[in-house]
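The structure appears below as structure tokens.
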Ligand code: ADE
């Protein structure tokens, strides 16, 4: 028996619905998909457990899956990103919701288990949490046919599991589609991370030095937005190809030890732990802002920051804690070192999630009718193309078409 849903306050449903309706106006691709899903019912009777940030955009995805006939059970991906009114609205719409803003780690783990207690056929993950629980309690794996993963960090983890021969489920790497990397990781994370830092701290980005750790799709988007706002950007990297890309994009590249005394704002986006540590805190400027744009809260060593500080002034502004150093400097940690764009702002804009979740919904439809072997699978390119084409049509953007002679030229090796 699935466990009873858990939301903060079911009475918030109407407020949540209004915000979901508003977000949906920027999500035309998902709306078209929902129309088709309600006619064709491709997910009739399919039981799905999802772990996702409980936002209006996720609610739009949930409504689409429900329109396709699915039964949906939802756990929060991160308690700080859960919006309680949206959770209430989803519950009222018939989703089994297990999500309460700010719940502690034990409560969060309980919510994941509760969503899985519905015995899903498909799991949709955002950070590999559900897959982790499924593999830690193999009884739960029975009957689960496949999964989809939405984040870079989750896909990284899945690939490690697959390399170790530990992954017992086929999982589609939704994160890795070209549309997702470009639109969600670069533009979504780029904009929403700067938005979160500015909202939380009120800092003037123009003229400041922004240190971006990690120049993947997210880091490069963050760096581009910071530069667009007038910052001098310093990038730190461990991979030569990415470091070269940052140099050629016009950024200064330094080891973190050298960047630490220069930065006014630090944004870490590497997917790895211990990127900002005690050695760096010791040489940072007074008032330096520390923010994590990576999925897990391991990139800033918050424990070392706390241990090395003489006091912590909690919530000097909403979402900001000031850590006073022995020499009087104050370092400003945003959102407790957790995923900053969702904890201190609204995450990716709805127009971005329209694309991510359209890819996700089409991937679910594909998974529901396809048998795959355990392992990490690419999402078919046709899904990505369909989403791109539909989004452009919704934006009123028209394309050229190849002439028959051009098609022949491209498909032949003889000139
Ligand atoms: N991930 C990043 N931004 C998001 C949003 N707005 N909703 C759900 N998941 C997200």
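What span do the alpha-carbon atoms of the range 113-183 cover on each of the three principal axes, reported in whole Å from largest to smallest?
37, 25, 17
Does the range 339-415 come out rounded, prolate or oblate by the C-alpha gyration tensor, with a ≥ b ≥ c the root eigenvalues, rounded set by a/c under 1.5 and, if not, prolate when a/b is larger than b/c and oblate if not? Show your work: numbers first, answer last.
Values: a/c = 2.60, a/b = 1.46, b/c = 1.78.
In terms of gyration-tensor shape, oblate.
For the range 226-308, take N as its residue count and report Rg(C-alpha) divided by 2.2 N^0.38 Å. Intermediate results must be reported in sequence, preceding the final value.
On the way: Rg = 12.7 Å, N = 83, 2.2 N^0.38 = 11.8 Å.
Normalised Rg, Cα atoms only: 1.08.
Below 8 Å, C-alpha to C-alpha, sequence gap of six or more: please give me the relative contact order for the chain in percent. Can you show the working numbers first?
On the way: 903 pairs, mean separation 66.8, N = 415.
Relative contact order, the chain: 16 percent.
Once you sort the root eigenvalues of the Cα gyration tensor of the range 209-272 as a ≥ b ≥ c, which label holds: rounded (a/c under 1.5), prolate (a/b larger than b/c) or oblate (the other case)?
Values: a/c = 1.34, a/b = 1.10, b/c = 1.22.
Rounded shape, in that the Cα axes give a/c under 1.5.
What distance in nm separates the simple spin-label points at residue 248 and residue 316, each placed 7 Å from Cα in the Cβ direction?
4.1
Using per-residue counts of other Cβ atoms within 10 Å, averaged over each peptide, order 396-409, 62-75 from highest down. Kindly include the intermediate steps, with their values, before the conclusion.
Numbers: 396-409: 8.6, 62-75: 24.2.
By packing density, highest mean first, the sequence is 62-75, 396-409.
What residue among 375, 127, 107 shows peak mean-square fluctuation when the chain is described by a Gaussian network model with Cα springs under 10 Å?
Top of the fluctuation ranking is 107.
If you build a Gaussian network model of the chain, linking Cα atoms that sit under 10 Å apart, which residue out of 119, 369, 18 swings the most?
Between 119, 369, 18, it is 369 that shows the largest mean-square fluctuation.
Report the antiparallel proportion of the DSSP beta bridges in the range 208-337 as a percent, rounded to a multiple of 5.
35
In whole angstrom, note down how far apart the Cα centers of the range 86-136 and the range 1-44 are.
About 16 Å separates the Cα centre of the range 86-136 from the one of the range 1-44.
With the alpha-carbon atoms as the only input, what is the per residue convex hull volume for the range 136-253 in Å³?
Details: hull volume 15.8 nm³, N = 118.
Once divided by residue count, the hull of the range 136-253 is 134 Å³.
Would you mind telling me which residue in 216, 16, 143 has the biggest mean-square fluctuation in a Gaussian network model of the chain, where springs connect alpha carbons within a distance under 10 angstrom?
Maximum among the listed residues: 143.
How far, in degrees from 0 to 90, does helix 105-116 lean away from the longest principal axis of the Cα atoms of the chain, to the nearest 10?
Between helix and principal axis, roughly 10 degrees.
Just rank 51, 128, 218, fewest to most, by other beta-carbon atoms within 10 angstrom.
Details: 51 32, 128 25, 218 28.
Final ranking by Cβ density, sparse to dense: 128, 218, 51.
Can you tell me which of 388-394, 328-334, 86-92 comes out highest on packing, and rank the rest after it, using the mean Cβ neighbours within 10 Å?
Details: 388-394: 15.7, 328-334: 20.0, 86-92: 25.1.
Output ranking for 388-394, 328-334, 86-92: 86-92, 328-334, 388-394.
By the gyration tensor of its Cα atoms, with a ≥ b ≥ c the square roots of the eigenvalues, what is the shape of the range 1-100: rounded for a/c under 1.5, prolate for a/b over b/c, or oblate? Each step should come with its number before you reach the end.
Working: a/c = 1.92, a/b = 1.24, b/c = 1.55.
Because a/c hits 1.5 or more and a/b fails to exceed b/c, the range 1-100 counts as oblate.
List, largest first, the extents of the alpha carbons of the chain along their principal axes, each in whole Å.
Taking max minus min along each principal axis of the Cα atoms, the chain gives 66, 65, 45 Å.
Return the equivalent ellipsoid semi-axes of the range 244-353 as a descending list in whole Å, where each equals the square root of 5 times an eigenvalue of the C-alpha gyration tensor.
Values: eigenvalues 102, 76, 28 Å².
Here the semi-axes work out to 23, 20, 12 Å.
Applying a 10 Å radius around every beta-carbon, put 238-248, 256-266 in order of their mean neighbour count, most first. Display every interim value, and only then the final one.
Working: 238-248: 13.8, 256-266: 19.8.
Ranking, from highest mean packing down: 256-266, 238-248.
Can you give the % of DSSP beta bridges in the chain that are antiparallel, to the nearest 5? Provide the component values of the computation, followed by the final result.
Values: 9 of 52 bridges.
The antiparallel fraction comes to roughly 15 percent.
Bear in mind that the values in this text are calculations on the coordinates, not laboratory data. The model shown is predicted, which means the values in this text are computed figures rather than measured ones. Every residue, glycine among them, receives a Cβ derived from its backbone with ideal geometry; neighbour counts consider all protein chains shown.
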